[in-house]
Amino acid sequence: MYFFSFCSAPHNELLTEFYRTETFIEHPAGGYKRIFESCEELAEPIPAHVTGVIPAWLNGSLLRLGPGLFEIGDEPFYHLFDGQALMHKFDLKNGKVTYYRRFLRTDAYVRAMTEKRIVITEFGTTAYPDPCKNIFSRFFTYFQGIEVTDNCLVNVYPIGEDFYACTETNFITKVNPDTLETVKKVDLCNYLSINGATAHPHIEQDGTVYNIGNCFGKNMSLAYNIIKIPPAQKGKSDPIEKSKVVVQFPSSERFKPSYVHSFGKTENYFVFIETPIKINLLKFLSLWSIMGTNYMDCFETNDKMGTWFHLATKHPGEYIDYKFRTSTFSVFHHINCYEDQGFIVVDLCTWKGYDFVYNYLYLANLKQNWEEVKKAAMRAPQPEVRRYVLPLDIYREEPGKNLISLSYTTATAVLRSDGTIWLEPEVLFSAPRQAFEFPQINYSKYSGKDYTFAYGLGLNHFIPDRICKLNVKSKETWVWDKPDSYPSEPLFVQNPDAQNEDDGVLLTIVVNPGASKHPAYLLILNARDLTEIARAEVDVIIPVTLHGMYKA
């Protein structure tokens, strides 16, 4: 559909007028298919051609992760989250830029390269026993148990003084951020009672890392654990060795945990959203070993439960047994949460209904011709940016009355006779088949605090084709886009002399497959108005990246 901007600056007036025509960029040429193609790693960093002037204070590295190998020999990977992990790095120093990339030497990658086939089952691709083995060897291979992938293609974050690539399993991979060398594989199960962890931890100013993962407790009870990894201490042991569980959230079903991609954290609370997208553990444990299956095969939906919000205090970690309920949606990315006057404000990138969005991210779908891509997206859940508000005092009003008294939101919460608190959201952004996703904020200053601006990757029928800025208070939006250009998640880097929340830049990798030269570039945007400051162009295609970080 379109994004609106009601800003008074001249360039934003023009932008507003353009989007008021209710048009958006179409992609009939199918250039987006190139971002889902395999590439080779680089032997050494290559210089980028810089246009514009890179801010003098911007000296660091942009680290990104995503799939870079979409097939092994004649065997294709089927899902977007299956391709082998490729780490990218743009180094910025004194106005000059270099680009480098390397595949992570995970077990999944090394064994696939050695055996020239897919050896370990990925998110949506099943690995089968070696066809060269005899029938008895292949039969017994199925009963050797579940081999969990260590293909850490989703994100990278710091723990202490080290950096780890991650996916959503129990394995994280230590990497050297300078050389992109794979250092070692770490199994979080050796230190914590979790079966896996999200790729979206929260990191505090002192380096403390919080994350969430599901686990089996006493009597095979299922729960979700918030874990804490302390900051590094000089001369002390690896912080991971000091990890601990802070608090536990209960599960609505015993053998069916909800899929968890991220969670919320304020200064004093954790927010966990339990969605109807479920992992059937019995299917996972049985079919995986007996028939050969993958993670996607084990998802199902509970179309009757709706969506549940859970709260816990941070210090000390205690679960708050309030039954917050709302209509069905799924969520992958939290934008931000904060406390205000006895309420917790929760801003989310949601998808309406109980259909699993990942069902639409198979590579065969994403690489179709544009008209077919649009048809598939029309069947998918509708994206929407929403604000929910949770009252900390659920008895401040009589049952049946709105508990929310914040003047700036239309979100409501009503205590019902059965003890549940029914939540209705305020919609911050919505446009048909146009998602505001992969959200970022000025995290170092405003994570867990009242804030104004969010930045996101615009998905046009699941194809990433714009960078967006959203004022969550006024609902104004700004957009950067170019024909046949496909950006990645925008990362905010604050100006060290910042006076305002949006004083800084956005860093994103843009692929322009139709360009005669320089088909990809690092784009630097002014975070205030999304005008271009500079770009660093390279002569290689860069495949899709998922998440990453800026290392100063």
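The values are calculated or read from the model by the stated rules, or taken from the named source; none is laboratory data. Everything numeric here is computed off the predicted structure, so don't read it as measured data. Positions of Cβ are generated from backbone atoms using ideal geometry, with glycine treated the same way; all protein chains shown enter the neighbour counts. For accessibility, only protein heavy atoms count, side chains too; no ligands or nucleic acids. Shrake-Rupley method; radii C 1.70, N 1.55, O 1.52, S 1.80 Å.
Observations on the structure shown:
- Residues within the stretch 228-258 that are without any contact (Cβ under 8 Å) to a residue 60 or more places away in the chain and assigned to a loop (DSSP other than H, G, I, E, B), tallied: 14
- Here residue 483 does not qualify as under 22 Å from residue 163 (Cβ atoms), more than 16 Å from the chain's Cα centre (by Cα), not hydrophobic (A, V, I, L, M, F, W, C) and not in a strand (DSSP E or B).
- Filter pass, residue 43 being open to solvent by 20 Å² or more (accessible area, probe 1.4 Å) and closer than 23 Å to residue 495 by Cα: no
- Sub-9 Å Cβ pairs linking a first residue in the stretch 195-214 that is acidic (Asp, Glu) to a second residue that is not in a loop (DSSP other than H, G, I, E, B), at least 6 apart or interchain, are 204/210; 204/265, ordered by first then second residue.
- In the stretch 187-196, the residues that are open to solvent by 80 Å² or more (accessible area, probe 1.4 Å) and assigned to a loop (DSSP other than H, G, I, E, B): 191
- Qualifying residues in the stretch 413-435 (those that are closer than 26 Å to residue 465 by Cα and of a type in the set (A, V, I, L, M)) - the one surrounded by the fewest Cβ atoms within 10 Å (Cβ to Cβ): 427
- Residue 502, sole failed condition from (1) in contact (Cβ under 8 Å) with a residue 40 or more places away in the chain; (2) under 21 Å from the mean Cα position of the chain (by Cα): (2)
- Evaluation of residue 395 against (1) in contact (Cβ under 8 Å) with a residue 24 or more places away in the chain; (2) part of a loop (DSSP other than H, G, I, E, B) (one fails), failing number: (1)
- When the stretch 55-89 is filtered for residues that are aliphatic (A, V, I, L, M) and open to solvent by 50 Å² or more (accessible area, probe 1.4 Å), only 56 remains.
- Top-ranked residue of the stretch 521-552 - restricted to ones that are assigned to a strand (DSSP E or B) and in contact with a His (Cβ under 9 Å, 6 or more places away or on another chain), ranked as most open to solvent (accessible area, probe 1.4 Å): 535
- Residue within the stretch 270-282 that is out of contact with any Lys or Arg (no Cβ under 7 Å at 6 or more places or on another chain) and within 19 Å of residue 126 (Cβ to Cβ) present: yes
- Taken over the stretch 300-321, the criterion of being surrounded by fewer than 17 Cβ atoms within 10 Å (Cβ to Cβ) and in contact with a Leu (Cβ under 8 Å, 6 or more places away or on another chain) is satisfied by 320 alone.
- Condition check for residue 465: in a strand (DSSP E or B) and charged (D, E, K, R): yes
- Residue among 228, 184, 242, 234 that alone is open to solvent by 10 Å² or more (accessible area, probe 1.4 Å) and more than 27 Å from residue 444 (Cβ to Cβ): 184
- For the stretch 290-299, filtered to residues that are open to solvent by less than 60 Å² (accessible area, probe 1.4 Å) and not polar (S, T, N, Q), the residue that is modelled with the lowest pLDDT is 292.
- Summed over the stretch 89-121, residues that are in contact with a helix residue (DSSP H, G or I) (Cβ under 8 Å, 6 or more places away or on another chain) and assigned to a strand (DSSP E or B) total 1.
- Any hit, the stretch 480-497, residues being of a type in the set (S, T, N, Q), crowded, with 16+ Cβ neighbours inside 10 Å and closer than 19 Å to residue 203 by Cα: yes
- Failed criterion for residue 438 (all others in (1) part of a strand (DSSP E or B); (2) open to solvent by 30 Å² or more (accessible area, probe 1.4 Å); (3) more than 26 Å from residue 29 (Cβ to Cβ) hold): (3)
- Filtering the stretch 32-51 to residues that are assigned to a loop (DSSP other than H, G, I, E, B) and over 23 Å from the mean Cα position of the chain (by Cα) leaves 40, 41, 42, 43, 44, 45, 48.
- Residue-level check: of (1) open to solvent by 10 Å² or more (accessible area, probe 1.4 Å); (2) touching a strand residue (DSSP E or B) at 6+ places or on another chain (Cβ under 8 Å), residue 92 misses just (1).
- Failed item in (1) of a type in the set (Ser, Thr, Tyr); (2) open to solvent by less than 40 Å² (accessible area, probe 1.4 Å); (3) in a loop (DSSP other than H, G, I, E, B), with residue 474 passing the rest: (2)
- The test for being among the acidic types (Asp, Glu) and in contact with a Leu (Cβ under 8 Å, 6 or more places away or on another chain) holds for residue 397.
- Number of the condition not met by residue 321 [criteria: (1) closer than 28 Å to residue 456 by Cβ; (2) part of a strand (DSSP E or B)]: (1)
- Per the conditions (1) under 22 Å from residue 122 (Cβ atoms); (2) touching an Asp or Glu at 6+ places or on another chain (Cβ under 9 Å); (3) open to solvent by less than 20 Å² (accessible area, probe 1.4 Å), the sole criterion not satisfied by residue 159 is (1).
- Complete set of residues in the stretch 393-412 that are of a type in the set (Gly, Ala, Ser) and either out of contact with any Asp or Glu (no Cβ under 8 Å at 6 or more places or on another chain) or surrounded by fewer than 17 Cβ atoms within 10 Å (Cβ to Cβ) (or both): 400, 405, 407
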